[in-house]
Amino acid sequence: MEDYHTWQAHGNSNRFSFCQFPFILSTVVKKAIIQRDSEQQMISMARQTLVDKVSRRQRVDMSLLFLNIKVRRLQLVSDSLDELSRKRADLKKKLKVTFVGEAGLDMGGLTKEWFLLLIRQIFHTDYGMFTYVKESQCHWFSSWKCDNYSEFRLVGALMGLAVYNSITLDIRFPPCVYKKLLTPPIVPCDLDTPVGMANLTLDDLQQLMPDLAHGLGEVLSYEGNVEEDFYTTFQVFQEELGVVKSYNLKPGGDKIPVTNLNRKEYVQLYIDFLLNKSIYRQFAAFYHGFHSVCASNALMLLRPEEVEILVCGSPNLDMGSLQRVVQYEGYSKTDPTIRYMSLEMLLFTLVLQCLLGRGADCSEMTACKLPVSHTCFNQICLPPYKSKKELRQKLTIAISNAEGFGLE
């Protein structure tokens, strides 16, 4: 961190810093820098809040040191977006989540659950903000036009909050989204400067829409007469809210045929339209929301794939590391129940934030013999089972009734 602070303080001066050459820093080191930088910003915001209150001789409420989000489960999306909109000035504070009417204390578990449930609802196709591309199993921005894109800004802020609070999200964007988030990595002072307009290629489209990318690749490699055989123009068609609309890729594009000579231009304009121009206002709002929380010189150190790791976590699961940190109380790793519940099954349970323990106390757990988790402390209470079959059956019931928190 000392090297990072030196780099921040002296910028592009002649003073040496490893941060001047981020390609030599590992992803682990960069992630640690991001986390420490976020923690220091949280402390700075809390200190500033205290100073302001004391200087005005006002009573200090410790809750003011946090970004406190209070939501109802039945109105999760609307409550969450309202809270984020009203508390924009507090986004740099440490996040604390409360579910109204529930007794949970947020020691990290409730925050993770809030992100999990909220992302699941916002990214559902019925909500309309994002589409799901089955070919690539990725989400993408809906291209419909409207007068207000503020919800996209709030979703960007939500993703920024996850990175800022070191929470990984269960979402799948194509890699080009992270390229766009770093274009540029620092928000321009001039609000009219375009953001998110990355130079994207057919490979980027391949990771989102592989069939379309394959078709465009066929146009580029076709050895016959493109104009006569494909009979297409510099015009594309796009469905928006059930209505098919046409767009020219260049002025007068509907009257310009695609030929062997201009097909590279056609493909590049098509890619730019799909991944940049058709969703510009949606993504610009999303970009500004993300950077309203994560704005930091540390972002300049990251490559797009490293931003993706911060958001979604590593795709490679280190089972050995998990086994080393699991702690057993009342069990040993050689007990039959622990052997029945393989490490893979335990990881699956933890990652999906299952077993949230609605309405279960110790006596109820004993009677029903269902697993119960205390998500506040990332802890699972596992009754003894006689067989692997019984454990799987009870675990399936618990997972199927997993949402919520309660004490009886």
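Structure notes:
- Residues (part of a loop (DSSP other than H, G, I, E, B), basic (Lys, Arg) and free of Cβ contacts under 8 Å to residues at least 60 places away in the same chain) located in region 96-153: Lys134
- If only residues of region 172-200 that are touching a helix residue (DSSP H, G or I) at 6+ places or on another chain (Cβ under 6 Å) and at pLDDT below 90 are counted, the one that is nearest to Lys31 (Cα to Cα) is Pro185.
- Scanning region 313-341 for residues that are open to solvent by less than 40 Å² (accessible area, probe 1.4 Å) and either assigned to a loop (DSSP other than H, G, I, E, B) or modelled with pLDDT of 80 or more (or both) yields a count of 3.
- Region 5-48 - residue that is among the hydrophobic types (A, V, I, L, M, F, W, C), more than 30 Å from Asp90 (Cα to Cα) and at pLDDT 75 or above and, of those, surrounded by the most Cβ atoms within 10 Å (Cβ to Cβ): Leu25
- If only residues of region 215-226 that are in contact with a Lys or Arg (Cβ under 9 Å, 6 or more places away or on another chain) and more than 26 Å from Trp140 (Cα to Cα) are counted, the one that is most open to solvent (accessible area, probe 1.4 Å) is Tyr222.
- Leading residue by the ranking (modelled with the highest pLDDT) among those in region 49-89 that are loosely packed, with under 12 Cβ neighbours inside 10 Å, farther than 17 Å from Arg153 by Cα and not hydrophobic (A, V, I, L, M, F, W, C): Gln75
- Residues that are more than 17 Å from Gly215 (Cβ to Cβ), of a type outside the set (Gly, Ala, Ser) and free of Cβ contacts under 8 Å to residues at least 40 places away in the same chain, drawn from region 240-258: Val243, Val244, Lys245, Tyr247, Asn248, Lys250, Pro251, Asp254, Lys255, Ile256, Pro257
Conditions tested, residue by residue: (1) within 25 Å of the chain's Cα centre (by Cα); (2) charged (D, E, K, R).
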{"position": "Glu228", "(1), (2)": "no, yes"}
{"position": "Thr233", "(1), (2)": "no, no"}
{"position": "Val243", "(1), (2)": "no, no"}
{"position": "Tyr287", "(1), (2)": "yes, no"}
{"position": "Phe290", "(1), (2)": "yes, no"}
{"position": "Ala298", "(1), (2)": "yes, no"}
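- Taken over region 289-307, the criterion of being open to solvent by less than 50 Å² (accessible area, probe 1.4 Å) and either in a helix (DSSP H, G or I) or without any contact (Cβ under 8 Å) to a residue 40 or more places away in the chain (or both) is satisfied by Gly289, Phe290, His291, Ser292, Val293, Cys294, Ala298, Leu299, Leu301, Pro304, Glu306, Val307.
- Residues that are more than 20 Å from Leu200 (Cβ to Cβ) and touching a helix residue (DSSP H, G or I) at 6+ places or on another chain (Cβ under 7 Å) within region 247-269 comprise Pro257, Thr259, Asn260, listed in sequence order.
- The condition of being open to solvent by less than 50 Å² (accessible area, probe 1.4 Å), over 26 Å from Ser142 (Cα atoms) and among the polar types (S, T, N, Q) does not hold for Ser278.
- Residue list for region 90-115, filter: out of contact with any helix residue (DSSP H, G or I) (no Cβ under 8 Å at 6 or more places or on another chain) and either hydroxyl-bearing (Ser, Thr, Tyr) or surrounded by 17 or more Cβ atoms within 10 Å (Cβ to Cβ) (or both): Thr111
- Checked against the criterion of being modelled with pLDDT of 65 or more, surrounded by 12 or more Cβ atoms within 10 Å (Cβ to Cβ) and outside any helix (DSSP H, G or I), region 357-364 contains not a single residue that satisfies it.
- Within region 227-259, if we keep just the residues that are open to solvent by 90 Å² or more (accessible area, probe 1.4 Å) and hydrophobic (A, V, I, L, M, F, W, C), the residue that is farthest from Lys145 (Cα to Cα) turns out to be Phe237.
- A Cβ distance below 8 Å, combined with a sequence gap of six or more or placement on separate chains, defines the contacts here; from region 326-338, residues that are within 14 Å of Ser387 (Cβ to Cβ) reach residues that are open to solvent by less than 60 Å² (accessible area, probe 1.4 Å) and in a helix (DSSP H, G or I) in the pairs Thr337/Leu391.
The values are calculated or read from the model by the stated rules, or taken from the named source; none is laboratory data. Bear in mind that the values here come from a model prediction, so they are computed numbers and not experimental data. With ideal geometry, Cβ positions are generated from the backbone for all residues, glycine too; neighbour counts draw on all protein chains shown. Heads up: the accessible areas ignore ligands, DNA and RNA and are worked out on the full protein's heavy atoms, side chains in. Shrake-Rupley method; radii C 1.70, N 1.55, O 1.52, S 1.80 Å.
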